Amino acid sequence: MLRSYVSGGWRTGEGEGAPLHDAVTGAEVARISSAGIDMAAALDHGRRVGGPALRELTFHQRAALLKALASRLREHRAELYELSAKTGATLGDSKFDVDGGIGVLFAYSSKGRRELPNDTVYVDGGVEPLSKGGTFLGQHIATPLRGVAVQINAFNFPVWGPLEKFAPAFLAGVPSLVKPASQTAYLTERLVELAITSGLIPEGTLQLISGSAGDLLEHLTEQDLVSFTGSASTAQKLRTHPAIVRNAVRFNAEADSLNLSILGPDAAAGTAEFDLYVKQLVTEMTVKAGQKCTAIRRAFVPANLIDDIVDAARERLAKVTIGNPANAEVRMGALASLEQREEVRRSLKALQDAATVVFGDPERVEVIDADAERGAFLSPVLLKAGDPERAEPHEVEAFGPVSTLLPYTSTQQVIELAARGHGSLAGSIVTGDAGFAREVVLGVAPWHGRLLVLDTDDAGESTGHGSPLPQLVHGGPGRAGGGEEMGGIRGVLHHMQRTAVQASPVVLSAVTGRWVEGAPRTGGDVHPFRKSLAELKIGDSVVAGPRTVTQADVDHFAEFTGDTFYAHTDPEAAAANPLFGGIVAHGYLVVSFAAGLFVSPEPGPVLANYGLENLRFLTPVKPGDELTVTLTAKQITPRENAGYGEVRWDADVTNQNQESVAKYDVLTLVAKENS
């Protein structure tokens, strides 16, 4: 009997449970039941125990835990691969699922450390001035929701599915409760067990329900979230659950969709793009036995090329060996269950009303080292539609190794046909014609969450049509669910509440942990560059200058750097420039002089200057102007497991009239302690 991990312990459901079968042999693998599991208590445990533990950690600390967990899971990949084979997956399929899921943890760990502050609050965008005097400002911040991120996952990716949802939620500071699809829940159970027994993640931040969701949704509050992966019909039912509607619970759906791939008119037989299209089509039909929410279901081909595509695809599909994934010769395994096979066959019958089978037999298949009937095996089936306007290919999805070829005669027609799918997770355009690619991308983008343009330039490094990436959004409009997952930091912010804070500069600085213009600056006898990270405070500042800019300075800078742009070297041409009206100093001369003014040159806690950001030149500087710079510690970010941290300084260079001539952020690395 599979167990659930809830309220701090492993629990076994009541009763005999429903049997789960090996997709290859038909043998019983386990039984599953969630009867008697207290769903309300599980949610409460996440809110009371998991949430507070996560919110005590900074983004960087959470990111470090994700990396440690990914490393631990990677040590157990072989075990997960072996268990994955029972789902019908080949070793390649298992790597797609297991390694892909672990890769998401690594990716979010990296993004958390590089793109989020070492703090518990996220500052979203810049300060918005709300008054003339600068005493009333606005700032958007994001804070973790105080609920639980509930996952309801599909059967096809029992490792990647939970981890791609868990990673952004954990990084945001929100605990997760995972409810996997029953067919392959034994793999998710082992995954969660490995995570829990690692001791790396705080208690309550990851829980598991093995079996039916029961009354789980009844106990949701306005602070909880639901992320669903599965069919569009189930998504519709969940979305309208009374508790979700009543409490306006954030609901994200990633639903199966009729994803497309379009071959460009330029890609005739014999071209590299033609071969790329056929290879990609067959790959998407056979990886995970076509059980991917991103797999190609509609393959659009120029009408004059469709017979060539049929011949090439047949030849490639004929080489696909099907059977027991334990056999090294097998390239495609079984579907997840016998029930799933029957569902695919029913959908195929509907598709055959509008299309002809040009490869494969929906009822019979030859297999290696397996029983074709006891195991959930199905031949890859390629269909060809005579009339692309028929409704069935744009409405019926056979969630297996099935795709339909559809002819088109113009760019406008294929764009219109693409929209007939009413929203897709992914699409691809295979062409060497950048103009065609642009027209199609812009035409079909409103119906797609992700689009791949494949050509000879990117094919060698492309991750493929069906591979969602943690850096990019995964989701789509309409039938695809109308939601988004991952997408880098976008996925983290989905688990947080964006709040507009209106306050004075002093209060905004206190709330955000960042110095805001208008807040007090702290001077003193000790130069800020002489202070370690432990001693430095936001608002610490130094005012240096003035320094007069001379014509000789401008001439020397032009000669020394080679920047002899006319505004710095030709008095007559510079005088005719309506912006300057005469010779002006180089902007980078101004920045260089400012550095010479504010720097404290002796060895000390400042280790390096590693960049400038947000540089703007605001007022021209002419020979004779006097420059003064005010440097203020704006943000202090200690690095985890390092002897230094990052300091962002606000630099404001002004002239003798107190006009800002340049504003920018200086980025430095500063030792945590003075040596």
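The values are calculated or read from the model by the stated rules, or taken from the named source; none is laboratory data. No experiment lies behind these values; they were computed from the predicted model shown. Note that we place each Cβ from the backbone using ideal geometry, even for glycine, and neighbour counts take in every protein chain shown. We work out accessible area using only protein heavy atoms, side chains counted, and drop any ligands, DNA or RNA first. Shrake-Rupley method; radii C 1.70, N 1.55, O 1.52, S 1.80 Å.
Points worth noting:
- Interchain or long-range residues, amide H under 5 Å from GLU484's placed H: ALA253
- Considering the range 444-528, its Cα convex hull presents a mean projected area of 11.0 nm².
- Calculated translational diffusion coefficient of the range 622-670 (10 °C, 1.306 mPa s; Stokes-Einstein with Kirkwood radius over alpha-carbon pairs) equals 129 µm²/s.
- Dipole of the range 574-652 [Lys/Arg +1, Asp/Glu -1 at C-beta], most positive-end residue of VAL606, GLY581, ALA651: GLY581
- About the Cα centre, charge dipole magnitude for the range 372-497 (Lys/Arg +1, Asp/Glu -1 at Cβ), debye: 280
- The range 622-652-the range 338-372 distance, computed between alpha-carbon centres (Å): 65
- In Å², nearest 10: area of HIS219 left accessible to a 1.4 Å probe: 60
- For the range 284-372, the solvent-accessible area of protein heavy atoms averages 43 Å² per residue (probe radius 1.4 Å; ligands and nucleic acids excluded).
- Both numbers refer to the Cα atoms of the range 474-621; Rg and Dmax are 23.0, 68 Å.
- Value of Rg to Rh for the chain, rounded to two decimals, is 1.06; Kirkwood radius and Rg both from alpha-carbon coordinates.
- Solvent exposure ordering (accessible area, 1.4 Å, most first) of TRP447, TRP515: TRP447, TRP515
- Rounded to the nearest 10 degrees, the inclination of helix 306-317 to the longest alpha-carbon principal axis of the chain is 80 degrees.
- Debye, to nearest 20: dipole size of the range 241-382, +1 on Lys, Arg Cβ, -1 on Asp, Glu Cβ: 600
- For the range 378-471, the C-alpha radius of gyration divided by 2.2 N^0.38 Å, with N the number of residues, is 1.13.
- Protein heavy-atom accessible surface, 1.4 Å probe, per residue over the range 401-467: 39 Å².
- Neighbourhood charge, 15 Å Cβ-Cβ cut-off, centred on GLY581 and excluding it, Lys, Arg +1 and Asp, Glu -1: -2
- One quarter of the surface of the convex hull around the alpha-carbon atoms of the range 577-664 equals 6.7 nm², the direction-averaged projected area.
- About the Cα centre, charge dipole magnitude for the chain (Lys/Arg +1, Asp/Glu -1 at Cβ), debye: 1700
- Gain upon complete extension [THR25, GLN352; 0.36 nm per residue less C-alpha separation]: 114.8 nm
- Within-11-Å neighbourhood charge of PRO162 [Cβ basis; K, R +1; D, E -1]: -1
- Overall form of the range 319-361 per C-alpha gyration tensor (a/c, 1.5; a/b vs b/c): oblate
- Descending principal axes extents, the range 104-208, alpha-carbon based, whole Å: 63, 23, 22
- Remark: relative contact order (the range 349-442) = 25 percent; criterion is Cα-Cα distance under 8 angstrom and separation of 6 or more residues.
- Accessible area in square angstrom per residue, the range 547-616, 1.4 angstrom probe: 59
- Restricting the range 564-665 to chymotrypsin sites (Phe, Trp or Tyr not before Pro) in coil, as DSSP defines it, with at most 14 other Cβ within 10 Å: PHE565
- Entries in LYS111/LYS165; LYS237/LYS279; LYS132/LYS672 that, when Cα-Cα distance is taken, lie over 27 Å: LYS237/LYS279; LYS132/LYS672
- Think of the chain as having a plus end and a minus end, set by charges on the Cβ of Lys, Arg, Asp and Glu; of THR221, SER131, ILE262, THR221 sits farthest toward the positive end of this dipole.
- Across the range 51-112, Cα-Cα pairs farther apart than 20 Å form 37% of the total.
- Descending semi-axes in Å of the range 540-618, equivalent ellipsoid built from Cα gyration tensor: 29, 13, 12
- Take every pair of alpha-carbon atoms less than 8 Å apart whose residues are at least six positions apart; their mean separation over the length of the chain yields a relative contact order of 13 percent.
- Considering only alpha-carbon pairs that sit under 8 angstrom and 6 or more positions apart, the relative contact order computed for the range 210-280 is 30 percent.
- The angle between the Cα long axis of helix 338-351 and the main principal axis of the chain comes to about 90°, on a 0 to 90 degree scale.
- Rounded to the nearest 10 Å², the accessible area of THR548 at probe 1.4 Å: 60
- Cross-link partners of LYS663 among lysines (Cα-Cα below 18 Å; sequence separation of 8 or more within a chain): LYS622, LYS634
- Accessible surface of the chain, 1.4 Å probe, proportion on carbon and sulfur as whole %: 50
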